[in-house]
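The values are calculated or read from the model by the stated rules, or taken from the named source; none is laboratory data. No experiment lies behind these values; they were computed from the predicted model shown. Using ideal geometry, Cβ is built from the backbone for each residue, glycine included, and neighbour counts are taken over all protein chains shown. Heavy atoms of the whole protein, side chains included, go into the accessibility calculation; ligands, DNA and RNA do not. Shrake-Rupley method; radii C 1.70, N 1.55, O 1.52, S 1.80 Å.
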Amino acid sequence: MAANDMADDGLIVIFGASGDLTKRKLIPALYDLFVEGMMPERFAVLGSSRSEMSDEAFREHLTPMARKSAHAFDDASWARFIERVRYQPGDSTRSEAFGPLKKRIGEMAQAYGTGENLLFYLSLAPHLYDDTINNIGAAGLVTEGKAWCSLNRLNRPWQRIIVEKPFGHDPDSAAHLNRVLGRNFEEESVYRIDHYLGKETVQNMLVFRFANAIFEPVWNRNYIDHIQVTAAETVGVEGRGGYYDSPGGGAMRDMIQGHLLQLLALVAMEPPVSMRADDIRLEKGKVLLAARAARDDESPLIAVKGQYGPGRIDGVDIPAYRREKGVDPESQNDTYAAFDVRIDNWRWEGVPFYLRSGKAMARKTTEVVINFRRAPHRLFRSTVSGPRITPGNQIILNIQPNEGIRLRFQGKVPGSGMSIRPVVMDFDFCQQFKARPREAYSTLLLDAMRGDQTLFKNREETESAWRIVQPVLDYWTAHPSDDLPNYAAGTWGPADADRMLAHHGREWHNE
Ligand code: BG6
């Protein structure tokens, strides 16, 4: 999938570097790559944000979390890595900050021999994106120009930008952000990150579907009854109440729009012509285009909003969402959302894709469950032990934790007679490959340094995802719920979500 196997030399400039993401994810991810020998020979990192800090203070700020989160931390490697990390204070929304920043970039490029290659990372609050992107452009830091018509395509320097989620908060703001990016960068230099796409098990979905001949023939409306995509977390909003309770937050925007529609696209897409980024993104984009947006009156039938009340998870008392710091005590925000999405195309006509995501739920799991139709002739009707109706087969793609794939089918219970029961064939990712999957951020940062956009969203995908969820969000705004909170922390979500499936004679996979 990669444009080049090795990452190019380059300087990584992180905006919003004093924030949580940099120390929790970005720096440990870069350090892991460094230890693996995957970083280019000449690289350096420049963090920037408003806080005044020296290089030394920034390094000290990063160390404890790297020690905790990196795959294999050792002092000697860390010392060699952190020596290449520096800090430049400045407010990236103000053009004055870019004089000193540009000077620093020049000095570092010289000192570390990174050339003109620059990878910008926007790890900022979303309202700071526009000005920062425009300032990068206005400061003349993007020099590649019309890269696609450059005469020497292979050796040209590049400037790329990684944009964190949330990518807008509705269709208009996402389209606006795309235009701001488009004014300053070529589309081939824009990397809209979705860390779910960096998870090994998510990428394995492509391999599972397209490197094996036995699944594709049954991967359609003739054999599949419905598909469930779940991302359940046991944690609440973990002190991020301020962000989560803002107009851009909530489970429908944060998780369903932000991540789960991508999982749906990977499950539902047609085989791509090749594994090139554009070919894969073309097929994913077509699925999202074919996803039906709800009509006004349909929302209550196809979507359920939930918010957690007090409860207990792993023996710990969890306060109600409305009692969290930074959350409006009357908040209408969704900490849980379930959404029945339909894809209007030949392959999927009539097959519901039930997406759900929630905080403070019974168990942490991210999975895609493919539920096949029942066997057409129920030969064992009178002999089934256990459930009255023989369930259809299931393929369960476990994304996290317990990464792997399970196939559930009916088996004969040993003994005389014909008792049958569902049994499971289990593929465990870690056991099979004797390796812990690489962290998503490592994969994605490496891909951006290699110039591989496969695991990043393109412009159309971001805009389609908003088009799909927005009618439901509008409906929720216009019709506040009077039953919130409607699920206790530590449970599987509101009863209405169970009813939504029961109405179709189905139930959630809560294992
Ligand atoms: C983030 C969301 O994108 O993903 C968070 O903003 C969520 O609300 C997180 O907790 C979940 O990521 P993961 O990798 O732990 O499933």
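Only one residue in 264, 301 is assigned to a helix (DSSP H, G or I), open to solvent by 10 Å² or more (accessible area, probe 1.4 Å) and touching a helix residue (DSSP H, G or I) at 6+ places or on another chain (Cβ under 8 Å), so which one is that?
It is 301.
Being outside any helix (DSSP H, G or I) and open to solvent by less than 20 Å² (accessible area, probe 1.4 Å) is the filter here, so list the residues in region 267-298 that pass it.
Answer for region 267-298, where residues must be outside any helix (DSSP H, G or I) and open to solvent by less than 20 Å² (accessible area, probe 1.4 Å): 269, 291, 294.
Quick one: in region 237-253, of everything that is within 11 Å of the ligand (Cβ to nearest atom) and buried (at least 24 other Cβ atoms within 10 Å of the Cβ), which residue is farthest from residue 308 (Cα to Cα)?
Here the residue is 253.
In this structure, is residue 100 more than 22 Å from residue 164 (Cβ to Cβ), surrounded by fewer than 16 Cβ atoms within 10 Å (Cβ to Cβ), modelled with pLDDT of 95 or more and in contact with a strand residue (DSSP E or B) (Cβ under 7 Å, 6 or more places away or on another chain)?
It is true that residue 100 is more than 22 Å from residue 164 (Cβ to Cβ), surrounded by fewer than 16 Cβ atoms within 10 Å (Cβ to Cβ), modelled with pLDDT of 95 or more and in contact with a strand residue (DSSP E or B) (Cβ under 7 Å, 6 or more places away or on another chain).
Does region 117-133 hold any residues that are modelled with pLDDT of 95 or more and closer than 16 Å to residue 48 by Cβ, and which are they?
118, 119, 120, 121, 122, 123, 124, 128, 129, 131, 132, 133
Return the pairs, sorted by first residue and then second, in which the second residue is open to solvent by less than 20 Å² (accessible area, probe 1.4 Å) and at pLDDT 95 or above, the first residue lies in region 390-409 and is under 12 Å from residue 509 (Cβ atoms) and charged (D, E, K, R), the beta carbons are less than 9 Å apart, and the residues are 6+ apart or on different chains.
Here the result reads 406/395; 406/396; 406/397; 406/398; 408/395; 408/396, each pair linking region 390-409 to a residue that is open to solvent by less than 20 Å² (accessible area, probe 1.4 Å) and at pLDDT 95 or above.
Of the conditions (1) open to solvent by less than 40 Å² (accessible area, probe 1.4 Å); (2) within 23 Å of the chain's Cα centre (by Cα); (3) at pLDDT below 95, residue 142 satisfies every one except a single condition; which number is it?
Every listed condition holds for residue 142 apart from (2).
Kindly indicate whether residue 354 is open to solvent by less than 20 Å² (accessible area, probe 1.4 Å), over 26 Å from residue 422 (Cα atoms) and under 24 Å from the mean Cα position of the chain (by Cα).
For residue 354, the condition - open to solvent by less than 20 Å² (accessible area, probe 1.4 Å), over 26 Å from residue 422 (Cα atoms) and under 24 Å from the mean Cα position of the chain (by Cα) - is not met.
Any chance you could count how many residues in region 37-63 are open to solvent by 40 Å² or more (accessible area, probe 1.4 Å) and without any contact (Cβ under 8 Å) to a residue 24 or more places away in the chain?
Within region 37-63, residues that are open to solvent by 40 Å² or more (accessible area, probe 1.4 Å) and without any contact (Cβ under 8 Å) to a residue 24 or more places away in the chain number 3.
Restricting to region 102-125, what's the tally of residues that are assigned to a helix (DSSP H, G or I) and without any contact (Cβ under 8 Å) to a residue 60 or more places away in the chain?
Here the count works out to 6.
Could you give me the residue pairs with C-beta distances under 6 Å whose first residue belongs to region 159-178 and is at pLDDT 95 or above and more than 16 Å from the ligand (Cβ to nearest atom), whose second residue is open to solvent by 40 Å² or more (accessible area, probe 1.4 Å) and among the basic types (Lys, Arg) wherever it lies, and which are 6+ apart or on separate chains?
171/467; 178/459
What single numbered condition from (1) more than 16 Å from the ligand (Cβ to nearest atom); (2) within 15 Å of residue 460 (Cβ to Cβ); (3) of a type outside the set (S, T, N, Q) fails to hold for residue 273?
Only one criterion in (1) more than 16 Å from the ligand (Cβ to nearest atom); (2) within 15 Å of residue 460 (Cβ to Cβ); (3) of a type outside the set (S, T, N, Q) is unmet by residue 273, namely (2).
Yes/no per residue for (1) more than 12 Å from the ligand (Cβ to nearest atom); (2) of a type outside the set (Val, Ile, Thr); (3) in contact (Cβ under 8 Å) with a residue 24 or more places away in the chain:
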| residue | (1), (2), (3) |
| --- | --- |
| 339 | yes, yes, yes |
| 343 | yes, no, yes |
| 355 | yes, yes, yes |
| 359 | no, yes, yes |
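Return the total of residues in region 154-212 being of a type in the set (A, V, I, L, M), farther than 24 Å from residue 118 by Cβ and open to solvent by 30 Å² or more (accessible area, probe 1.4 Å).
Selection size over region 154-212: 2.
Restricting attention to region 28-51, report how many residues are of a type in the set (Gly, Ala, Ser), in a loop (DSSP other than H, G, I, E, B) and more than 18 Å from residue 447 (Cβ to Cβ).
1
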